[in-house]
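Before any comments, here is the structure.
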Amino acid sequence: MKSKKRNIIGAICITLLALVALFIYFENTGYGNVVEFVPYADFMVMAEDGQVSRVLLTETAELQFYLYASDVPHETSNPRNPALKEQLLLMGIDVYEDTSIAVGGIISSFLPIVFFIVMFILIFRMMGKASGKSAMSLNVTAADETETNVGFCHVAGNDEAKESVQDIVDFIRNPEKYAKYGARMPRGIIFYGPPGTGKTLMAKAIAGEAGVPFFATSGSDFVQMYVGVGAGRVRELFKKARAAGKAVIFIDEIDAVGKTRVSGGAGGNDERDQTLNALLAEMSGFGSGEGIVVIAATNRLDTLDEALLRPGRFDRQVEIGLPDMAGRKNILNTHAMNKPISRGINLDELARQTVYFSGAMLENLLNEAAITAAKSGMDEIVQSHIDTAYYTIIAGSEKKDRSAIKDKERRITAYHEGGHALATKLLSPEHSVPKITIIPSTKGAAGFCVNLPPDKMYFTKRELENQAIALLAGRAAEEAVFGADNITTGASNDIQRVNQIIKDYVSKYGMSSTAGLAELSDEEKHKEYRLHIDKLYQSALGLVKEHFHTLESIASALMDKESLNEKELDEIMASA
Ligand code: ADP
Ligand code: ZN
């Protein structure tokens, strides 16, 4: 963290300043001044001799006097004898009694102490802030306010996510506009997706685009050993953001605070509950006209406490997934901009080779290559530098990330998703298929095919059957291409959904021609479901076999580009 360093440097600066100030202070109080000290006996001789022009009587240990012969102040020991004044006056010497100096004397003896106390508190607070952990820093949050000069142009790819937060920027800029229409804008947004995909970057970009301060903190900073510390920090954070007027508050690792509560768990979670409650209370506390938005990030949405996701809280959830080929190319280009990359390097090819790399890994790849190049002393980053960096990163991440997913698995996914897309396009052309991809989703699927049915009140019997066939076409494509023994677990979600459709088809809507409208026994129901699902699966299998050539075209395009949009899919369908 940069802020720690800044705080420590700050503490050192203040200490130095304090030393200088103390030095000057002592200088001015006469400790280092040119004052000539005269023994008291000599002073009395000078006084009686008529050499002394005036005397300054004080309560301090020394008294000052001036001679007719010089402008330099002199000092002698103060006998603190009340009779001295009269004695001097009788000698015709001007005597001043300076009470302010008397008070000054008191102050001057206390000031250094006061000064040290203030210094001590200041330094202590800074250290507390820097470590962010000590119990003493109860009310100090780890949040740092930064102005961000990051904009959407720095976030490569992630186009869908960018689009779904566009309105937030406008809202932060002009909250009044939305308030006027009574629109309730999201107070909280959750970005979810694998690590390093640019969630923090995107939050920064929102603040940057809206031109407001960015307060960043992490959920783990809130969960402390001492009950109440986290809640205090949450309140402090929001206080700071409010003081700044409009702001974006970013909470990384929100799961540290908002994990699903384990029911019946006795104690232990008090601190987290208090923190979570403080967060929810603060979020419902600010009005929708304020222009403050809280953005939280997590790797997994499904582990979050539902209380966080309710309306008025984090009610907008945006997935930020791994980049596809085009996204990776964009990210590589962005980070190559400030580096002397040799002309011989083909970033398109590099994008192709970096399947399942996150944005952070791509950034790291180019950075490692740049370091290697710098060490080698060459003018440019050449292919061998990139290769070295590539293998370092692959080796380091093989297990954690899915960078090493075999081509075989990508092929299976491509045919599976291709099957869904093919069947949907053939049977339900009124549906839209905005996206089909073999990049794994955060929810755990190896790929997905978005299939949006048209908005309408009723679905016909035929339409329900076609939806079921499209769902089964993923598994059917696997069987058609790789054989019945090589079908995979990838269809589990499809199977669940088909079963639901068929249950409704038979029992709820009475659409089965064999069962009719009568109530069925459990055994009869089971037989009906089975009959229909088997029949629909055979239809799906027949369909993918009949249009096998088109299926292959879709699958190979997917393996090539990793994701296709509707237009690209339609082009393949038309040309096949
Ligand atoms: P997350 O918050 O999702 O873990 P970060 O936003 O911290 O990821 O990303 C880490 C770094 O990776 C960023 O600072 C940036 O350099 C790079 N990066 C990640 N995604 C992108 C992207 N879409 N465009 C450009 N750079 C990215
Ligand atoms: Zn599927």
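In segment 52-79, the residue that is modelled with the lowest pLDDT out of those that are among the charged types (D, E, K, R) and touching a strand residue (DSSP E or B) at 6+ places or on another chain (Cβ under 9 Å) is Glu62. Applying the condition of being of a type in the set (A, V, I, L, M, F, W, C) and under 10 Å from Ile412 (Cβ atoms) to segment 474-483 and asking which residue is surrounded by the fewest Cβ atoms within 10 Å (Cβ to Cβ) yields Phe482. Here Leu471 passes the criteria (1) open to solvent by 30 Å² or more (accessible area, probe 1.4 Å); (2) modelled with pLDDT of 95 or more except the one numbered (1).
From the list Glu562, Glu568, the one residue that fits, being out of contact with any Asp or Glu (no Cβ under 7 Å at 6 or more places or on another chain), of a type in the set (Asp, Glu) and farther than 14 Å from Leu426 by Cα, is Glu568.
If the condition is being polar (S, T, N, Q) and either free of Cβ contacts under 8 Å to residues at least 24 places away in the same chain or within 30 Å of Asp324 (Cα to Cα) (or both), then segment 197-226 contributes Thr197, Thr200, Thr217, Ser218.
Give segment 496-520 a look and list any residue that's closer than 20 Å to His431 by Cα and surrounded by fewer than 21 Cβ atoms within 10 Å (Cβ to Cβ), or say none. Result: Arg497, Gln500, Ile501. Taking the criterion of being hydroxyl-bearing (Ser, Thr, Tyr) and modelled with pLDDT of 85 or more, the only residue of segment 285-302 that qualifies is Thr298.
Restricting the search to segment 457-474, which residues are in a loop (DSSP other than H, G, I, E, B) and either in contact with a helix residue (DSSP H, G or I) (Cβ under 9 Å, 6 or more places away or on another chain) or within 15 Å of ligand 2 (Cβ to nearest atom) (or both)? Phe459 - this is the single residue of segment 457-474 that is in a loop (DSSP other than H, G, I, E, B) and either in contact with a helix residue (DSSP H, G or I) (Cβ under 9 Å, 6 or more places away or on another chain) or within 15 Å of ligand 2 (Cβ to nearest atom) (or both). Within segment 334-350, if we keep just the residues that are part of a helix (DSSP H, G or I) and more than 13 Å from ligand 1 (Cβ to nearest atom), the residue that is surrounded by the fewest Cβ atoms within 10 Å (Cβ to Cβ) turns out to be Glu349.
In the set Ala389, Ala373, only one residue is closer than 25 Å to Asp324 by Cβ and open to solvent by less than 50 Å² (accessible area, probe 1.4 Å); that residue is Ala389. When restricted to residues that are closer than 15 Å to Phe152 by Cβ and either within 16 Å of ligand 2 (Cβ to nearest atom) or open to solvent by 10 Å² or more (accessible area, probe 1.4 Å) (or both), segment 190-205 contains 5. Could you list all residues from segment 285-318 that are touching an Asp or Glu at 6+ places or on another chain (Cβ under 9 Å) and in a helix (DSSP H, G or I)? Passing the criteria: only Leu309. Which members of segment 419-452 meet the condition of being assigned to a loop (DSSP other than H, G, I, E, B), away from ligand 2 (no atom under 12 Å from the Cβ) and either among the hydroxyl-bearing types (Ser, Thr, Tyr) or within 18 Å of Leu472 (Cα to Cα) (or both)? If the condition is that a residue be assigned to a loop (DSSP other than H, G, I, E, B), away from ligand 2 (no atom under 12 Å from the Cβ) and either among the hydroxyl-bearing types (Ser, Thr, Tyr) or within 18 Å of Leu472 (Cα to Cα) (or both), then Ser428, Pro429, His431, Val433, Thr442 are the ones that fit.
Annotation: Glu282 fulfils all but one of (1) of a type in the set (Asp, Glu); (2) part of a loop (DSSP other than H, G, I, E, B); (3) surrounded by 14 or more Cβ atoms within 10 Å (Cβ to Cβ); the unmet one is (2). Screening the candidates Arg235, Arg187 for the property of being open to solvent by 50 Å² or more (accessible area, probe 1.4 Å) and within 27 Å of Ala307 (Cβ to Cβ) yields one hit, Arg235. Tallying residues that are of a type in the set (A, V, I, L, M) and more than 12 Å from Lys259 (Cα to Cα) within segment 298-341 yields 10.
Residues are listed down the side, and each one gets a yes or a no for (1) open to solvent by 80 Å² or more (accessible area, probe 1.4 Å); (2) at pLDDT below 95; (3) not aromatic (Phe, Trp, Tyr):
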residue: Lys527; (1), (2), (3): yes, yes, yes
residue: Leu536; (1), (2), (3): no, no, yes
residue: Leu541; (1), (2), (3): no, no, yes
residue: Phe548; (1), (2), (3): no, no, no
residue: Asp570; (1), (2), (3): no, no, yes
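Among the residues making up segment 404-418, those that are under 13 Å from Val355 (Cβ atoms) and either crowded, with 24+ Cβ neighbours inside 10 Å or within 11 Å of ligand 2 (Cβ to nearest atom) (or both) are Thr413, Ala414.
Confirm whether Gly208 is in a loop (DSSP other than H, G, I, E, B), of a type outside the set (Ser, Thr, Tyr) and open to solvent by 20 Å² or more (accessible area, probe 1.4 Å). Criteria not met by Gly208.
Restricting attention to segment 443-468 and to residues that are touching a strand residue (DSSP E or B) at 6+ places or on another chain (Cβ under 6 Å) and open to solvent by less than 40 Å² (accessible area, probe 1.4 Å), the residue that is farthest from ligand 1 (Cβ to nearest atom) turns out to be Cys449. The set of residues in segment 314-330 being under 19 Å from the mean Cα position of the chain (by Cα) and within 15 Å of ligand 1 (Cβ to nearest atom) consists of Gln317, Val318, Glu319, Ile320, Gly321, Leu322, Pro323.
The values are calculated or read from the model by the stated rules, or taken from the named source; none is laboratory data. Keep in mind that what you see is a predicted model, and the values were worked out from it rather than measured. A quick note on method: Cβ atoms are made from the backbone with ideal geometry, for glycine too, and the neighbour counts reach across all protein chains shown. Areas reflect the complete protein model, heavy atoms only, side chains present, ligands, DNA and RNA absent. Shrake-Rupley method; radii C 1.70, N 1.55, O 1.52, S 1.80 Å.
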